[in-house]
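The values are calculated or read from the model by the stated rules, or taken from the named source; none is laboratory data. Not measured: the values here are computed from a predicted model. So basically every Cβ, Gly included, is an ideal-geometry build from the backbone, and we count neighbours across all protein chains shown. Please note that ligands, DNA and RNA were not included when accessible areas were found on the heavy atoms of the full protein model with its side chains. Shrake-Rupley method; radii C 1.70, N 1.55, O 1.52, S 1.80 Å.
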Amino acid sequence: MKKVEAIVRPETFRALREKLEEVGINGLTVSEVAGCGQQKGQQGLFRGNTFEIKLLPKVKVEMVVESEFVDEIVQIIQEICSSNTVGDGKIFIYPIEDAIRIRTGESGKLAII
């Protein structure tokens, strides 16, 4: 099993969620986050005063899936979330030793489906 974690632009999340549902990925954890990287923030204007926003809003999408689905999921994330500009986000992939469903005690693959 692998955990796929993607940090993406908020405006791409809806299309990403719909595409993941189409391919059978229904178990997601989604968090609103803020961050900066090469994008380095942006300038804002409020009542005639400019200010710099260092941390930009992002959405973190996490899912634990069977290892054989990772390449397909990464491809979907890249297709949906790429605008070919700085700030599109990142994808992280982690190994998962085990997963246990608290309610039933099921573990492994049964716990994530």
Pair list, Cβ < 9 Å and 6+ apart or interchain, from region 8-21 residues that are touching a residue at least 12 places away in the same chain (Cβ under 8 Å) to residues that are assigned to a helix (DSSP H, G or I) and exposed (fewer than 12 other Cβ atoms within 10 Å of the Cβ): K19/E79
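If I ask for residues that are more than 17 Å from I25 (Cβ to Cβ) and open to solvent by 90 Å² or more (accessible area, probe 1.4 Å), which ones from region 75-100 would you list? Please lay out each step first, then the result.
Filtering region 75-100 down to residues more than 17 Å from I25 (Cβ to Cβ) leaves 82-90, 95, 97-98, 100.
Within region 75-100, N84, K90, P95, E97, I100 meet the criteria.
When you scan region 50-74, how many residues do you find that are in contact (Cβ under 8 Å) with a residue 24 or more places away in the chain and either of a type in the set (G, A, S) or open to solvent by 60 Å² or more (accessible area, probe 1.4 Å) (or both)?
Taking region 50-74 and keeping what is in contact (Cβ under 8 Å) with a residue 24 or more places away in the chain, we get 56-67, 69-70, 72-74.
Next, only the ones that are either of a type in the set (G, A, S) or open to solvent by 60 Å² or more (accessible area, probe 1.4 Å) (or both) stay: 57, 67, 69, 72.
So the answer is 4.
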Selection count where residues are over 26 Å from D98 (Cα atoms), open to solvent by 50 Å² or more (accessible area, probe 1.4 Å) and in a loop (DSSP other than H, G, I, E, B), scope region 1-36: 1
